[in-house]
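Working notes, beginning with the structure itself.
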Amino acid sequence: MSICSMVAVADPGAEAVDIAELAALLRQRRLKDGLSLRELSALTGVPFSTLSRVESGKVPDLATFRNIVGWLGIPADRFFPTPRVRNETTPEAIAQVLRSDAALSEEAREQLTSTFQQMYTVLTVNSQAVRMQLRSHGLFTPKASELLADLLQRMQDKLLEEHGGS
């Protein structure tokens, strides 16, 4: 059984706001309308010094951003990165994290990947078979259970950190 996770996550390499586009549009529109920064300030309620900073590429605060895009007449979401959709299964995401863990040998990575895949399959199909499955697997001594739980927690923390906690 393959369950595909379709989660929207922001691209970690993208900036929060496309400030270059905002600055360019603000300057173009202001000049097209023949307005000085002081005149635009009177129209938008944004201090002229703040407008100057935004035009030079500084990120505005939220209220200023809203006033500027309102005056420009364009949707605010135009300046934010488009979320990408993750089309991988949970076991694939875990396997990817395991492959990048330098503390694990190749054999350990394969064993953990295989074990997690089996556990995931059992848990998504029939949760009552888990206890029997874990006991029958040779890796699951009491210490191995604790190590696996710790590893899974660290993997989850790393995934949450990499994907902004969502």
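Bear in mind that the values in this text are calculations on the coordinates, not laboratory data. Note that the structure is predicted; figures quoted are calculated from it, not measured. Counting neighbours? That spans all protein chains shown, and the Cβs are built from the backbone with ideal geometry, glycine included.
Computed extension gain for residue 107 through residue 163, at 0.36 nm per residue and net of the alpha carbon distance, reaches 17.4 nm.
Net length available on complete extension from residue 58 to residue 43 is 3.4 nm, with 0.36 nm assigned per residue and the Cα-Cα distance removed. Applying 0.36 nm per residue to the separation of residue 77 and residue 18 and subtracting their alpha-carbon distance, the gain on full extension is 20.2 nm. For residue 78, neighbours were defined as the other residues whose beta-carbon sits under 11 Å from its Cβ, and their charges (Lys and Arg +1, Asp and Glu -1) total -3.
Convex hull volume of the C-alpha atoms in segment 19-79, normalised per residue: 69 Å³.
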